[in-house]
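S.K.: Supplied in structure tokens, the structure appears directly below.
Just so it is clear, none of the values below were taken in a lab; they were calculated from the coordinates. These figures come from a predicted structure and were not determined experimentally. Because the Cβ atoms are built from the backbone with ideal geometry, glycine has one as well, and the counts that use them run over all protein chains shown.
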Amino acid sequence: MKDERLIGKQQIGNEATTKAVGGLKTSRRSFFKVSGLAALTLGGMTFLTACGPAAEGTSSGSSSTNTGSSSSSSSSFAADGTMRVGMEAAYAPYNWQVSEESDYTIPIENVDGAYADGYDIQFAKKIGEALSVSPVAVKMSFDGLVDACKNGQIDIICAGMTATDERRKSIDFSDPYIEDTISVVTKSDSKYASATSLDDLAGAAVMGQQSTFYDDVIDQIPDVNHLTPREYVPDVVSALESGEADAITYSTYSAPKLLESYPDLVVCPITDGFTGDEAKNDANVGIAKGQDDILDEINKAINAVSDDERTTIWDACMDRQPQ
């Protein structure tokens, strides 16, 4: 899912963002995720891709485990002083698994000798500090996170998850700690390279990632040739490079890194773009309902982090992420 959003050093990222979005107004904090993704590489570039089955050593979140109380009341939140944080631990630069402890990591409770690092983890650590609890990661499939949170198997979700109306029926969400939008990427010599609205893309063959908002939004393009989505982001990029697709949908925040790796690609300077929930790539902390006091504290911890600090944290995660 929000796939991609890869940026290098801050200066490079700022310059590339200006080039990539063609004047499109986006937050420097914009990042990525709608569904679960796992990291893959293509041509030396790291991509985030849609979640598959739970990996070995993970929990699906669909059955009862020993990872937390079944109650969702505030009194049961991290009752033993340990805040269990649900994530894939396979979604760099948001979260990934490492074998060595560092100042950036937290232990993965259900994988022996493993630790989690990434942007999500840095915010989980800040939330833990604000609540005076110790965060530990619980590794599970992305699709199982909401149920696991609702059922009390984990205390919070911090996994690049976007708050949607459907998910809000089951759990509550914090303010975003990542904000992103969806852009359209094409080749620099394409007739669509100068598109400033979705209408300008009419008739284009467009591809997105399977089971993500990147695929869902494509139908907002008039008379679009909506290509069959691919499961993994590298395959989507390959379809554009090979000429199978005229354009692809992509993370606005991650686009600069893509252009850095593929200089023949550009982001269409669209100002009249996608609308609705599907157009957002925010990431929010998920928490079981009935815990408004804790949610307030989580929001305070998130909002205490300035835009500059978020950028610094993001860039550091970009440097540390597995290649």
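S.K.: Can you list the residues, at least 5 places off or on another chain, whose amide H is less than 5 Å from the amide H of residue 140, using H built in the peptide plane?
M.R.: It is 59, 87, 88, by chain and number.
S.K.: Tell me, what is the percent relative contact order of the range 206-291, built from C-alpha pairs under 8 Å that lie six or more residues apart?
M.R.: 30 percent
S.K.: Amide H of residue 205: which non-local residues (sequence gap of 5 or more, or other chain) have their own amide H closer than 5 Å, using H built in the peptide plane?
M.R.: 225, 246, 247
S.K.: Near the amide H of residue 281, under 5 Å away, which other amide H atoms are found, from residues 5 or more places off or on another chain, if H is placed in the peptide plane?
M.R.: Those qualifying (amide H under 5 Å, at least 5 residues apart or on another chain) are 180, 181.
S.K.: Here is a follow-up. Based on the mean of other Cβ atoms within 10 Å per residue, sort peptides 132-144, 105-117, 301-313 so the most packed one is first.
M.R.: Listed from highest to lowest mean packing, they are 132-144, 105-117, 301-313.
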